[in-house]
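Student: Take a look at the following structure, please.
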Amino acid sequence: MSAGVDLHLHSTCSDGLLEPAALMAFVASCGVRACALTDHDTTAGLATAAAAARAHGLVFIPGIELSARWHAGTVHVLGLGIDGDSRALATAVAALAALRAVRAAEIRARLDRAGAPGSAAFAHIPPGVVPTRMHFARALAALGAVPDLQAAFRRWLGHGRAAHVAAGWPELAATVEVIRAAGGVAVLAHPLRYRLSAGQRRELVRAFKSAGGTGLEVAIGGAAPRQVEAAAGLALRAGLEGSAGSDCHDPALPWHRPGRLAKLPQALVPVWNRWLSTNRAAFEA
Ligand code: AMP
Ligand code: MN
Ligand code: MN
Ligand code: MN
């Protein structure tokens, strides 16, 4: 286990439960020394998080988790070390916000049509956040329509269910391009979570690399050792660097606890090596 580096975290600016500043305090209390805030499709929390991170002695890498399309499916691309003020990124984020607004309205309507309290759930989503399926799931659970989050995905929001809406996310290659234009490095998030065959997965990773991707998320919150090995194998085969992130959304979930991650396998180049000069000790904890 390694606790020092965590480059995948969510705040209330997207579907996390902690405000950016509270998240940084929590992350520091978990023993993390270097971290990235990577909210879905928004940079709104970066300035506040950066200031809070500084106050807690954390090395802060500004990040984002962008929703993208590869063939017919959705993939998530982390942009790490991005310039939060980048024009190219702001344009992409505005387009994603518009897509998400339309999609959330459609999810709401489909839930209502399916006999679930879609409109009531929609009303639970705080204004100004990036609306995700996670918000609907939490609201449906809070309303008592399902016993828990997982049930909301199983019953309504998951792939193939009545309120699953396939958004027209931007293409993978365009997404990588935006991250690079914003001065960041692109890391393909949780590569084993996509509904793909082994061959398709290798093809995705190859396509990501040829589009200009730099890293693959290998040490992931809650991953079993053989999953870390499998992701490391994919990275090595494609010539990608390795990244580490808990994907923490909720401080109460122990398997996504910040910094609670497998060590990156020795053979991989850590994606964070490029930031070592900022504070080497923070990355070696
Ligand atoms: P969206 O980007 O709107 O499709 O929402 C995706 C988010 O929902 C992910 O980032 C996760 O936080 C959450 N999510 C998706 N599937 C599940 C699931 N089966 N269980 C719990 N959370 C999920
Ligand atoms: Mn999420
Ligand atoms: Mn994700
Ligand atoms: Mn995430």
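Every number here is computed from the coordinates shown, using simple stated rules; none is lab data. These numbers were taken from a predicted model, which means no experiment stands behind them. All Cβ positions, glycine included, derive from the backbone under ideal geometry; neighbour counts span all protein chains shown.
Student: Work out the charge dipole of the range 205-262 with +1 on the Cβ of Lys and Arg and -1 on the Cβ of Asp and Glu about the Cα centre, then indicate which of I220, W255, A207 is farthest towards its positive end.
Tutor: Comparing the listed Cα positions along the dipole, A207 ranks first.
Student: Of the beta bridges DSSP finds with both residues in the chain, what % are antiparallel, to the nearest 5?
Tutor: Working: 13 of 30 bridges.
Bridges in the chain that DSSP calls antiparallel: roughly 45 percent.
Student: On to the next question. For the chain, what does the helix formula give at 222 nm: sum of -39500 (n - 2.57) over DSSP H segments with n ≥ 4, over the residue count, nearest 500 deg cm²/dmol?
Tutor: On the way: 10 runs with 109 residues, N = 285.
The helix contribution divided over the chain gives -11500 deg cm²/dmol.
Student: Beta carbons within 10 angstrom, averaged per residue: use that to sort the peptides 25-34, 73-82, highest first.
Tutor: Numbers: 25-34: 20.3, 73-82: 23.2.
Packing proxy ranking, top to bottom: 73-82, 25-34.
Student: What FRET efficiency comes out for D148 versus S210 if R0 is 41 angstrom and r is the Cβ-Cβ distance? Round to the nearest 0.05. Walk me through the numbers before you get to the answer.
Tutor: Working: r = 40 Å, r/R0 = 0.98.
Working from the Cβ atoms, E equals 0.55.
Student: Over the alpha carbons of the chain, what is the largest minus smallest coordinate on each principal axis, giving the biggest first in Å?
Tutor: Each principal axis gives a Cα extent; for the chain these are 54, 43, 39 Å.
Student: Packing-wise, with mean Cβ within 10 Å as the measure, how do 136-142, 164-170 rank, highest first?
Tutor: On the way: 136-142: 21.3, 164-170: 15.4.
Order by mean packing, descending: 136-142, 164-170.
Student: If the viscosity is 1.306 mPa s and the temperature 10 °C, what translational diffusion coefficient in µm²/s does Stokes-Einstein give for the range 145-187 when Rh comes from Kirkwood over Cα pairs? Kindly include the intermediate steps, with their values, before the conclusion.
Tutor: Values: Rh = 12.8 Å.
Here the translational diffusion coefficient equals 124 µm²/s.
Student: Within the range 186-216, name every residue whose backbone N is under 13 Å away from a label modeled 7 Å from Cα of H164 along the Cβ vector.
Tutor: 194-196
Student: Sticking with this one: Regarding the range 205-285, what's the average projected area of the Cα-atom convex hull, expressed in nm²? Spell out each step's value before the answer.
Tutor: Values: hull surface 23.8 nm².
Approximately 5.9 nm², given one-decimal rounding.
Student: How much net charge surrounds A235 when only the other residues with a Cβ under 10 Å from the Cβ of A235 are counted, with Lys and Arg +1 and Asp and Glu -1? Could the numbers behind the result be given before it?
Tutor: Values: positive: K209, R237; negative: E217, E241.
After counting each charged neighbour, the total is 0.
Student: Compute the distance from the alpha-carbon center of the range 4-60 to that of the range 219-236, in whole Å.
Tutor: First find each Cα centre; the distance between them is then 23 Å.
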